[in-house]
Amino acid sequence: MTPRLIVSDLDGTLLGSDHRLHADTIEVLRTLVKHGHQLVLASGRHYIDMRVFRDQLAVPAHLISSNGAYTHDPDDQLLDANHVDPQQAAFLIQLPRPDSVRLSLYLDDAWYIDAESPSHLEMHAATGFVYQVVPPEKMPTEGIGKILYGGHPDVLFKIETAIREFSDGSLHVTYSTSDSLEIMAGGVNKGVALSALLKRISIAPEHCLAFGDNLNDVEMLSLVGEPHFMLNSHPEMAGHLSAARQIGHHGEAAVAVLLRERFGL
């Protein structure tokens, strides 16, 4: 069998409902790598955050982080970085928003947030990746891979509308969950990052399997030969991915179940 590249999102996809790797998932991925297949983890999470899961898997894996803003090789070498334009970053940082909305910046090596947020800490408890509280007026405008707003979907929609009007398509705007609005530089997404990586490692898109659950995965899933989306996916995923296969729930290690079936493990 031709070696395949397996590409997976993390939260809502490869990780369980507790934001941790299931033992079956670890076993299956280790087995596939031993058989000559390759692995890419592609997430909205920060690179430092993602490294923990790769280390738990204990296999070589490229990491596409911050929704495609950064790509690292299995030896932690930075292959690509794309930053938000400083003037646009300044606008996004200063954009008026309700007190209930949290503003975060993902820098090359840090996570800044505008106020304490227990829910953000809970999501990252498994990795120990923590934010630094920085008032908006002291936030930098350079070296930012991703800017995100966390809050109620109705409020985020208003912020999204303002951003789209301001940027006129010059920023990439998406959601990783219904309560996380995420902004990268124009043309930055998981699909573009994966396409560049495939050229670098000389693998054709049709030899890739990919898994995702939300709107920030659409470009990546649209690129590959074998796309899959989760039972728990955003309701609009099926409409964006007519050729993709829906599989089980992330809380039941559905990616591992599919991979066992696909490769006869």
Revision key, fill the gap. Exactly one of L198, L209 is among the aliphatic types (A, V, I, L, M), farther than 20 Å from S104 by Cβ, assigned to a helix (DSSP H, G or I) and in contact with a helix residue (DSSP H, G or I) (Cβ under 9 Å, 6 or more places away or on another chain), and that one is L198
Point to revise | Selection within segment 128-139 - more than 19 Å from the chain's Cα centre (by Cα), surrounded by fewer than 18 Cβ atoms within 10 Å (Cβ to Cβ) and either within 24 Å of M230 (Cα to Cα) or in contact (Cβ under 8 Å) with a residue 40 or more places away in the chain (or both) | key: P136
Review point. Within the set of pairs 6 or more residues apart or between chains, which connect a residue that is under 21 Å from G187 (Cβ atoms) and of a type in the set (S, T, Y) inside segment 213-242 to a residue that is open to solvent by less than 30 Å² (accessible area, probe 1.4 Å) and not in a helix (DSSP H, G or I) with Cβ atoms less than 8 Å apart?
Key: S222/L241
Check your understanding: Given the conditions (1) in contact (Cβ under 8 Å) with a residue 60 or more places away in the chain; (2) part of a strand (DSSP E or B), and given that L103 satisfies all but one, which numbered condition is not satisfied?
Key -> (1)
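Only one of these is assigned to a loop (DSSP other than H, G, I, E, B), without any contact (Cβ under 8 Å) to a residue 40 or more places away in the chain and surrounded by fewer than 16 Cβ atoms within 10 Å (Cβ to Cβ): A125, A115. Name it. So that I can check it myself, show each step before the final result.
Working: A125 fails: without any contact (Cβ under 8 Å) to a residue 40 or more places away in the chain.
The match here is A115.
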Review point. Looking at (1) in a helix (DSSP H, G or I); (2) modelled with pLDDT of 95 or more, can you tell me which one N216 breaks?
Key: (2)
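In segment 156-192, how many residues are open to solvent by 40 Å² or more (accessible area, probe 1.4 Å) and either farther than 16 Å from R102 by Cβ or in a helix (DSSP H, G or I) (or both)?
Initially, segment 156-192 is screened for residues open to solvent by 40 Å² or more (accessible area, probe 1.4 Å), giving 157-158, 161, 164-166, 168-170, 177-179, 186-187, 192.
Now drop any that are not either farther than 16 Å from R102 by Cβ or in a helix (DSSP H, G or I) (or both), which leaves 157-158, 161, 164-166, 168-170, 186-187, 192.
Selection size over segment 156-192: 12.
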Practice item. Among the candidates D99, D11, D24, single out the residue that is open to solvent by 40 Å² or more (accessible area, probe 1.4 Å) and at pLDDT below 95. Key: D99
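Going by the structure shown, is L78 at pLDDT below 95 and open to solvent by 20 Å² or more (accessible area, probe 1.4 Å)?
Values: at pLDDT below 95: no; open to solvent by 20 Å² or more (accessible area, probe 1.4 Å): yes.
No.
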Practice item. Report whether or not I201 is buried (at least 20 other Cβ atoms within 10 Å of the Cβ) and touching a residue at least 40 places away in the same chain (Cβ under 8 Å). Key: no
Point to revise | D73 being modelled with pLDDT under 95 and either touching a strand residue (DSSP E or B) at 6+ places or on another chain (Cβ under 8 Å) or of a type in the set (F, W, Y) (or both) | key: no
Practice item. Scan (1) more than 20 Å from E226 (Cα to Cα); (2) open to solvent by 40 Å² or more (accessible area, probe 1.4 Å) for the single condition G44 breaks and write down its number. Key: (2)
Check your understanding: Being more than 16 Å from the chain's Cα centre (by Cα), surrounded by fewer than 16 Cβ atoms within 10 Å (Cβ to Cβ) and either of a type in the set (K, R) or within 24 Å of Y70 (Cα to Cα) (or both), is that true of even one residue in segment 207-224?
Key -> no
Point to revise | Unique match (being outside any strand (DSSP E or B), closer than 25 Å to Y149 by Cβ, of a type in the set (A, V, I, L, M, F, W, C) and open to solvent by 40 Å² or more (accessible area, probe 1.4 Å)) among F53, F91 | key: F91
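Answer yes or no as to whether L105 is modelled with pLDDT of 95 or more, touching a helix residue (DSSP H, G or I) at 6+ places or on another chain (Cβ under 9 Å), closer than 22 Å to L41 by Cα and surrounded by fewer than 18 Cβ atoms within 10 Å (Cβ to Cβ).
Details: modelled with pLDDT of 95 or more: yes; touching a helix residue (DSSP H, G or I) at 6+ places or on another chain (Cβ under 9 Å): yes; closer than 22 Å to L41 by Cα: yes; surrounded by fewer than 18 Cβ atoms within 10 Å (Cβ to Cβ): no.
In short, no.
The values are calculated or read from the model by the stated rules, or taken from the named source; none is laboratory data. Since we're looking at a predicted model, the values are computed, not measured. Heads up, the Cβs are rebuilt from the backbone with ideal geometry, glycines too, and the neighbour counts pull from every protein chain shown. These area figures cover heavy atoms from the full protein model, side chains too; ligands, DNA and RNA do not enter into them. Shrake-Rupley method; radii C 1.70, N 1.55, O 1.52, S 1.80 Å.
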